[in-house]
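Accompanying notes for the structure given below.
The values are calculated or read from the model by the stated rules, or taken from the named source; none is laboratory data. Bear in mind that the values here come from a model prediction, so they are computed numbers and not experimental data. Backbone-built Cβ (ideal geometry, glycine too); neighbour counts: all protein chains shown. Surface areas here come from the heavy atoms of the whole protein model, side chains and all, with no ligands, DNA or RNA. Shrake-Rupley method; radii C 1.70, N 1.55, O 1.52, S 1.80 Å.
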Amino acid sequence: MVLRALAVPLSIAVVVGLAGCDPLGGGDAGGAPGAVQVAVAEPRHLLPTNTNDADGAQVLSALFAPLVAYDEHNRPYEVAAEYIEWTRDHRVWTIKLKDGFTFHDGERVTADSYINAWNYGAYAPNNQANGYLFGRIAGYADTQPTDPDGAGPEPATDPAAKTLSGLEKVDDLTVRVTLSAPFTEFMSMLGTTAFYPLPSSAWQSPGVLKPGFEDAIVGQGPFKLTGGWKRGEPIQVARYEPYAGDKPKVPALTFRPYTQLTAAYGDLLDGDLDVLRTLPTERLADAASDLGDRRGQRDGSTLQMLAFPMYQPEFAKAEVRRAISMAIDRDALVRTVFDGAQLPARAFVSPVVPGYRPDSCTAACAFDPEAAKRLYAEAGGPATLRITYNDDGGHQEWIEATCAQLRANLGVTCEPVTEPRFADLLTRVAKREPVGLFRMAWPMDYPSMENYLTPLYSMTGSSNYAGYRNAEFDTLLTEATRGVTEAEMQRKYRQAEDLLAKDMPVIPLRFSQYNYGYSAKVRNVKLDLFGNVDLVALESTS
């Protein structure tokens, strides 16, 4: 039996997933006549399968149209897809493309445009940051290197295949995707940057990217790149008139790279910048008088947390981990450090996903210093704690405030320790070095409880840096992903989340909120659930 999701006639809010956030900062003015100026940090990449930072995703949302976007309930609906069908067991998915979409070089978008791009992204030697998102498609394991005996550290063998066996071209406008196992929410994954198409001009030969293509990226979205991408310089795009979707209202955009939010805020007040997606925390109290009604706020997906390295014996007991969580006053941190601009977290999944429960962490996330100190002593918690964090993300103030709370409420010594970058911190964790608690954050790739639970806590999770292992948890996730109804899926996901509340491999602390501002030169400024400006809805007042 085949089930179908029909296209929904909603305006296209071009949205993409992401797997990281960068601070913004200052750049040169510039742009096409009538261009709206939007602040970004310098993107790491603009190749869709390699773009997992928020700012690169914002630029790509101008250049590409996703197969699906997300409605007001954060559920997927078709954009570049005409319809999506699936078998009852949710293992075989058929994607019918809308006819009429063309790349910015005039080439027609076809099934090959997607299949070639996805195969490139999945093939491990290409080192694509979003490659893991193809992991549910049949044949993915064959595109990855293998350890000959599974014991390491012998050199891995080359992948057995360069393409995904689960991808099939049915006709010029139809792609059939066979998954290695049923996954009910596969349609939601199709809104991420990883699943964008690429034109034939991207390839030097089959499966080999043409040198320099990323610097002159060609998409099929509402805007086209003009002048190429030069690192550190403004990125200019112009409206693509043949675009087959809803037409943007502004003729051009300039994405201005910044390295400091405060510099961008100053340009916004001076009228040299039109949209700032993240107001600097230290200026939030001034924003009401500075901007008046030209500011907005919406819930974001990012969960900030402290993770326990499960390999350190002093954190082996769940009672120790729960006691530390109970000794942290989340509300006070949000109020004093963030001026109320974020939300205290007492759950392991974000409020923006279906199935969220506001207090799923239960007593382990309730501030109770007396009970925390008693439980900590009974469990033999260590006399000295350290919290390791990356020094390049503006985390010092809240880490120090958290340490102060732990000193006061547990009677321990607490020491903040810095690493230059998050990658350096993860290197130490991978080597199983003693790091104490360490800072982590997780912005979702797509709106699903699964996207928080599987990567972070399953035994094969791509980002299970804490090293959490619970066979019952993994079984519940498997059962959830195969659930036929949303209620069935959510019941299993919630049972898995209940195990996290018991075991506490991480301490959820805060959920992000997007606090943004804009100039008098624009109106109808909206941010999607990934923090990207809806570039189709955006209007100029001039």
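Taking the Kirkwood radius as the inverse of the mean 1/r across Cα pairs, report the Rg/Rh of region 309-464. Walk me through the numbers before you get to the answer.
Values: Rg = 15.6 Å, Rh = 16.6 Å.
My calculation puts Rg/Rh at 0.94.
For region 241-328, with all protein chains present and a 1.4 Å probe, just round the carbon and sulfur fraction of the accessible area to a whole percent. Display every interim value, and only then the final one.
Numbers: 1470 of 3340 Å².
Here carbon and sulfur together make up 44 percent of the probe-accessible area.
When a/c is below 1.5 the answer is rounded, else prolate if a/b is larger than b/c, else oblate, so apply that to region 397-470 with a ≥ b ≥ c taken from the square roots of the Cα gyration tensor eigenvalues. If you can, show how the numbers build up before the last one.
Values: a/c = 1.98, a/b = 1.65, b/c = 1.20.
Judged from the Cα gyration tensor, region 397-470 comes out prolate (a/c at least 1.5, a/b above b/c).
Restricted to Cα positions, what overall size does region 221-269 have along the principal axes? Three whole-Å values, descending.
38, 24, 12
Considering every Cα-Cα pair within the chain, what fraction, in whole percent, is farther apart than 47 Å? Don't skip to the answer; put the middle values down first.
Details: 15098 of 146611 pairs.
That fraction is 10 percent.
Averaging over all projection directions, find the projected area of the Cα convex hull of region 145-258 and quote it in nm² with one decimal place. Let's see the in-between values first.
Numbers: hull surface 47.9 nm².
Hull-based average projected area comes out at 12.0 nm².
Taking a ≥ b ≥ c as the square roots of the Cα gyration tensor eigenvalues, with a/c under 1.5 meaning rounded and otherwise prolate when a/b beats b/c, else oblate, which class fits region 484-539?
oblate
One quarter of the convex hull surface, Cα atoms only: what value does that give for region 400-536 in nm²?
Details: hull surface 50.5 nm².
Quarter of the Cα hull surface area: 12.6 nm².
Roughly how many Å² is the accessible area per residue of the chain, as a whole number, for a 1.4 Å probe?
Value for the chain: 38 Å² per residue.
Give me Rg/Rg_expected for region 438-495, where Rg uses Cα atoms only and Rg_expected = 2.2 N^0.38 Å with N residues.
Numbers: Rg = 11.5 Å, N = 58, 2.2 N^0.38 = 10.3 Å.
Working it through for region 438-495, the quotient is 1.12.
Take the Cα atoms of region 51-130, find their three principal axes, and give me the spread along each one in whole Å, biggest first.
34, 30, 28
Given the -39500 (n - 2.57) contribution per DSSP H run of 4+ residues, what per-residue ellipticity at 222 nm results for the chain, rounded to the nearest 500 deg cm²/dmol?
Working: 13 runs with 133 residues, N = 542.
Dividing the helical sum by the residues of the chain leaves -7500 deg cm²/dmol.
Of Arg386, Arg231, Arg432, which has the most accessible area and how do the rest follow, probe 1.4 Å?
Details: Arg386 85, Arg231 125, Arg432 155 Å².
Sorted by accessible area, descending: Arg432, Arg231, Arg386.
Taking the Cα centroid of region 267-344 and of region 470-495, what is the distance between the two, rounded to the nearest whole Å?
Each part reduced to its Cα centre gives a spacing of 30 Å.
Which aspartates and glutamates, if any, have their Cα less than 12 Å from the Cα of Lys249, not counting same-chain residues under 8 positions apart?
Glu241, Asp534, Glu539
How large is the dipole of the chain about the Cα centre if only Lys and Arg carry +1 and Asp and Glu carry -1, each at its Cβ, rounded to the nearest 20 debye?
On the way: 51 positive and 68 negative charges, 104 e Å.
With Lys and Arg at +1 and Asp and Glu at -1, about 500 debye.
Too long at a 28 Å Cα-Cα cut-off: which of Lys96/Lys162; Lys210/Lys230; Lys247/Lys526; Lys247/Lys521; Lys373/Lys502; Lys96/Lys224?
Working: Lys96/Lys162 24 Å; Lys210/Lys230 17 Å; Lys247/Lys526 16 Å; Lys247/Lys521 20 Å; Lys373/Lys502 18 Å; Lys96/Lys224 24 Å.
With Cα atoms farther than 28 Å apart: none of Lys96/Lys162; Lys210/Lys230; Lys247/Lys526; Lys247/Lys521; Lys373/Lys502; Lys96/Lys224.
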